[in-house]
1. K110: which aspartates and glutamates have alpha carbons under 14 Å from its alpha carbon, excluding same-chain residues fewer than 8 sequence positions away?
2. Counting only other residues whose beta carbon sits under 11 Å from that of I245, what net charge do I get with K and R as +1, D and E as -1?
3. Taking neighbour counts of Cβ atoms within 10 Å as a proxy for exposure, in what order, fewest first, do F99, F130 appear?
4. Among the GluC sites (Glu not before Pro) in segment 256-311, which ones are in a DSSP loop with at most 11 other Cβ atoms within 10 Å of the Cβ? Mind listing them?
5. Among K106/K155; K84/K133; K85/K260; K150/K260, which pairs are too far apart, with a Cα-Cα distance over 30 Å?
6. Multiplying the sequence separation of F99 and N294 by 0.36 nm and subtracting their Cα-Cα distance, what value in nm do you get?
7. Residues with beta-carbon under 11 Å from that of I3, excluding I3: net charge, scoring Lys, Arg +1 and Asp, Glu -1?
8. Could you go through segment 74-83 in sequence order and give the Karplus-derived ³J(HN,Hα) for each residue, using 6.51 cos²θ - 1.76 cosθ + 1.60 with θ = phi - 60°, rounded to whole Hz, and x for Gly and Pro?
Amino acid sequence: MKIVLVSNQRRNINGIGNPIMYRMCESIQRDERVSDVEFIPFENNFSSLFEIRRKTKTADIIHIHFGGFYVLIIWLFLLGTHAKKFITFHGTDIHAKSFKTAKSLKRKFKIKLNQYASFLTIILFYKTGFVAKEMTEYVPRYLKRTLKKKSFIQKLGVDYNTFVPMEQSKAQQILGLPSGRYILFSDISNTTIKRRDIAEAIVCSMGHDYQLLVMCGVPPTMVPYYINASTFLLLTSDEEGSPNIIREALALNKPVFSVKVGDAPMQLEGLNNSAIISREPAKAARTILDKLENTYTDNTRETRKSILSFDEVNKEIITLYSETL
């Protein structure tokens, strides 16, 4: 079984695209049912389209991640190929909540164009996936019947070979940080949606013992060090789909404190050392401090391996590929 994975995440200056997609690709390749799998980052040019078409001609499955208008262009470019077409939505491509905070008409138009293009691909593609069940609520009613026949939930995961626990002091040393208690805040793209202002206010309410460690624009290989160097992960976003940073923190046995957003409540359900917090900084700080007084007992790296490890969760999507063929 040959598979082509595609996403609209452009390569950075080092030639690397979305790290989650690369880790997904590597994990799928380890499954004995898959003979070949390749990830192609779409770069909004004709060379990307020709590369995708060339690879798809000999593939059994093409699976596009992240919706938007670019998917319609790829669909048109793939007319005449026989690979089954899958798409998985990851968040704003369906709910388009960033429309409310967009400042320019051009940006608002682009957000809505991508959202309605995503709705159209639900009709055009063979299978439609969502990284969180909650996202299906944003699909228009007139598409519900179509969606019922072809939808699936695709769980994301963590590469356990990359995300390995280490001593907090050692991770801080590698990052060149003074010894201390750090609260990790992930804002890779430096966007207002992540609400760094709320995170800063929460840390301020917790007192002088904690510092906010902002992870922004760092190489993917450094992410495990940032998590290991921190006491816990703090998430305060206005919108999310299924934040993978939560899974990565849990895979490294770190508590997670998140506002109610995306599927964060589901990811943290049943945990003793993590919690859903208020968006009111003082109230959130009290919840966090109360939880931190308790001894850490969750050991999520082991107790939740079956739903965190990419090698485990990818078995479901590969089974779906096999059943499709």
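Only the coordinates and a few stated rules stand behind these numbers; no lab work does. Treat the numbers as computed from the prediction; the structure is a model and nothing was measured. Quick reminder, even Gly has a Cβ in these numbers, built from the backbone with ideal geometry, and neighbours come from all protein chains shown.
1. Filter leaves D93.
2. Working: positive: K194, R247, K254; negative: D187, E240, E248.
So the surrounding residues net to 0.
3. On the way: F99 15, F130 25.
The most exposed by this proxy come first: F99, F130.
4. Working: sites: E269, E293, E302; in loops: E269, E293.
For GluC sites (Glu not before Pro) across segment 256-311 that sit outside H, G, I, E and B with at most 11 neighbouring Cβ atoms in 10 Å, the list reads E269, E293.
5. Details: K106/K155 33 Å; K84/K133 23 Å; K85/K260 33 Å; K150/K260 28 Å.
K106/K155; K85/K260, as the Cα separations exceed 30 Å there.
6. On the way: separation 195, 0.36 × 195 = 70.20 nm, distance 4.04 nm.
Gain on extension, F99 to N294, equals 66.2 nm.
7. Working: positive: K2, R33, K55, K84; negative: D31, D36, E38, D60.
Charge balance in the 11 Å sphere: 0.
8. So the J values, rounded to whole Hz, are 5, 4, 5, 6, 9, 4, x, 8, 10, 5.
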